[in-house]
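Heads up, the thing below is written out as structure tokens.
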Amino acid sequence: MLEIRNLRKSFPLEGDASKERRAVQGLDLTLNDGDFLVVIGGNGSGKSTLLNLIAGTIRPDEGDILIDGMSLEALPERKRARFIGRVFQDPKAGSIGDFTLFENLALALNRGHPHTLRWSMSKERRAFFVKTLSPLGLGLETRLDERMSSFSGGERQAATLLMSTFNDPKLLLLDEHTSALDPKTSAMVLALTDKFASSIKGSTLMITHNLKDAIAHGNRLLMMKEGRAVYEAFAEEKATLTVADLIAKYSSESGEALSASALD
């Protein structure tokens, strides 16, 4: 379970360091195990700041972030990675291009464990990776000894998704992880996302600019504006939403038209 209580984060205003931009303003949020929350909002709404605060990339000014009742306050990003899986917007960010697929998988599998890469280079591990890659349907199980730099963006994201769910994370963070992909590849990665999100025991939080994807995936939706939650939809209501509904809801809650970028 993820619990966020009165979370706040401000940054110096660009061009005038004497003023602040409130990126997240007193946000409260609870995600139960099995929840898949999709977060939407215009540029500057606080979506990415929220995700980075949870991951530990930046620290909050105020508030608490807890996973299964444990505060993350004292844990740096590298230690949070033991139980938080993350997939970035850039397909290259989730793997090491000069390492082979096997080596990347081995490093991900060892995260949080006192084993060396050499220990992982075993026949048993190879068999395990073949078994886990085969259901993806991309043929990656036949390319274990190829460098990740030779893989397409979609293939790297698919592999990163798999690696992010190794060791059954308590929370899976997806940072606009399909925005750099073409529509066909994006649909493939999102289908895998649904599969992996349902396979972990914890919860999933996905940021997206695509309103159709926001409606089609997950069981909860959160709309943000200027660091605040302005609208939230749960399973039954979310299942009935349309893109027009979201545009109207954003306008009524914020008093502004939804940015065209949200439809990209």
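Exposure proxy check: THR132, THR160 ranked by fewest other beta carbons within 10 Å?
Listing THR132, THR160 from fewest to most nearby Cβ atoms yields THR132, THR160.
Note on the chain: antiparallel DSSP beta bridges, both residues inside, total approximately 60 percent of the bridges counted. The order of MET223, MET163, MET70, going from fewest to most other C-beta atoms within 10 Å of their C-beta, is MET70, MET163, MET223.
Mean sequence separation of contacting Cα pairs (under 8 Å, at least six apart), scaled by the length of region 2-263, corresponds to a relative contact order of 27 percent. Taken about its Cα centre, the chain carries a charge dipole of about 800 debye when Lys and Arg each add +1 at the Cβ and Asp and Glu each add -1 at the Cβ.
Remark: ILE96, ILE215, ILE54 ranked as ILE96, ILE215, ILE54, counting other beta-carbon atoms within 10 Å and listing the fewest first.
Taking each DSSP H run with n ≥ 4 as -39500 (n - 2.57) and averaging over every residue of the chain yields -10000 deg cm²/dmol at 222 nm. Note on the chain: dipole from Cβ charges, positive end direction compared against ASN219, SER122, SER18; the farthest Cα belongs to SER122. For region 1-78, a crude dipole built from +1 on the beta carbon of Lys and Arg and -1 on the beta carbon of Asp and Glu, taken about the Cα centre, is about 300 debye to the nearest 20. Bridgeable lysines around LYS184 (alpha carbons under 26 Å apart, same-chain partners fewer than 8 residues away excluded): LYS47, LYS92, LYS131, LYS195, LYS212, LYS238.
Where a number appears in this text, it was derived from the coordinates with a stated rule and is not lab data. Just so it is clear, the model here is predicted, and its values are computed rather than measured. Please note: Cβ atoms are built from the backbone with ideal geometry, for glycine as well, and neighbour counts cover all protein chains shown.
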